[in-house]
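Asks: Got a structure for you, written out below as structure tokens; questions coming shortly.
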Amino acid sequence: MTVAEMIKQTRTENNMTQEEYANKFYVSRQTVSSWENGRSMPELQTLIDICNTYHLSLDTLLNQDKKYVKKTSRIQMIYKKLKYIVPVVFVCIGIYMLYFGAWTMRNKAMISEYNQNVLSLGYVREGNVYKLYDGYITYHAGNQALPKLKWDFIYKNLSARYNDGEMIWNINFTAEDDIGYFNFGVNVDSEISGEITADEEISYTKTTGLAKSVLDKNQTQIEDIVKTMNHHWHVIYE
């Protein structure tokens with residue numbers, strides 16, 4: 001006899017409705033119906049209570065209903081695993097929340113410091129960027145924020161644009177390990193690239209197209225721009 005058959009039998013032999021049977025064992029009528037149809041099975045303690053109430057042998061019943069035994073064993077196995085997994089999950093969640101909280105505070109602090117540093121140089125905010133106008137050249141510094149769960153800005157760069165009506169230079173600048181790296185895009189298809197040290201010594205690593213003649217004629221002005229951007233970079237990012 002299966003557990004489902006036993007439940008239905010004990011109920012009908014005692015002239016009980018599913019509602020009455022459910023009330024006796026503190027479950028819903030739908031649960032009793034589900035038991036009798038084999039869609040679900042009672043918990044082990046409830047099954048023990050039923051057997052004790054109707055003087056049935058639990059051992060005999062379980063020996064006859066292998067399906068219930070297998071399901072109960074599977075549930076017990078899952079429960080044992082969960083006993084170890086759930087605490088680990090909660091610890092991981094706790095660590096993540098602490099890390100995320102610390103990252104949020106750092107993000108706010110770094111954004112605030114970045115904005116203050118940019119403004120201290122005389123930049124003004126226009127839309128999503130900061131700009132500093134100096135004659136024919138306009139320096140740009142974009143908004144910054146920490147990438148998700150990272151502790152530093154990924155892109156630490158500045159840009160500028162020189163336009164005197166005859167020449168247009170698009171300049172990019174970044175630095176690493178006390179060395180600044182600059183690139184001038186001259187008009188359309190020419191460029192000047194180079195480096196500047198902490199002592200403001202400038203060297204050129206690449207010139208193409210018209211850039212060589214531009215460098216020859218405007219080296220002092222180009223180097224003034226590089227030194228200015230180098231100074232701005234260190235004020236903003238260090």
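Asks: Taking Cα atoms of region 85-133, Rg/Rh with Kirkwood Rh, to two decimals?
Replies: That ratio is 1.37, to two decimals.
Asks: Using every alpha carbon pair in region 115-172, what percent of pairs falls into each 10 Å bin from 0 up to the bin containing the largest distance?
Replies: 21, 45, 26, 7, 1
Asks: May I ask for the percentage of alpha-carbon pairs in region 1-68 that lie more than 15 Å from each other?
Replies: 46
Asks: Okay, moving on. Any idea of GLU36's accessible area? Nearest 10 Å², probe 1.4 Å.
Replies: For GLU36, solvent-accessible area is about 30 Å².
Asks: Now for a separate question. How big is the accessible area of SER190 in square angstrom, nearest 10, if you roll a 1.4 angstrom probe over the protein chains?
Replies: 10
Asks: Can you show me the helix-derived [θ] at 222 nm for the chain, built from DSSP H runs with n ≥ 4 at -39,500 (n - 2.57) apiece and divided by the number of residues, rounded to the nearest 500.
Replies: Mean residue ellipticity at 222 nm (helix-derived): -18000 deg cm²/dmol.
Asks: Roughly speaking, what is the centre-to-centre gap between region 141-218 and region 102-121 when only Cα atoms are used, to the nearest Å?
Replies: For region 141-218 versus region 102-121, the Cα centre distance is 24 Å.
Asks: Taking the chain as the region of interest, what is the percent of Cα-Cα pairs per 10 angstrom bin, listed from the shortest bin to the one with the maximum distance?
Replies: Final binned percentages: 6, 20, 16, 9, 6, 7, 8, 10, 11, 6, 1.
Asks: Same structure again: DSSP H helices in the chain with Cα extent of 18 Å or more along the helix axis and mean Kyte-Doolittle hydropathy at least -0.5?
Replies: In the chain, the long hydrophobic H runs are 66-120.
Asks: Largest first, how would ARG106, ARG11 line up by accessible area (1.4 Å probe)?
Replies: ARG106, ARG11
Asks: Using a 1.4 Å probe, how large is the accessible area of VAL91, given in Å² and rounded to the nearest 10?
Replies: Roughly 90 Å² of VAL91 is accessible to a 1.4 Å probe.
Asks: A further question follows. Kindly sort ASP164, ASP134, ASP177 by accessible area of their heavy atoms, largest first, with the probe set to 1.4 Å.
Replies: Largest accessible area first, the residues go ASP177, ASP134, ASP164.
Asks: Over all directions, how big on average is the projection of the convex hull of the alpha-carbon atoms in region 169-215, in square nanometres?
Replies: Result: a mean projected hull area of 3.1 nm².
Asks: Find the all-direction average of the projected area of the Cα convex hull for region 115-213, expressing the result in square nanometres with one decimal place.
Replies: Hull-based average projected area comes out at 8.1 nm².
The values are calculated or read from the model by the stated rules, or taken from the named source; none is laboratory data. Please read these numbers as outputs of a predicted model, since none were measured by experiment. SASA here: full protein model, heavy atoms, side chains in, ligands and nucleic acids out. Shrake-Rupley method; radii C 1.70, N 1.55, O 1.52, S 1.80 Å.
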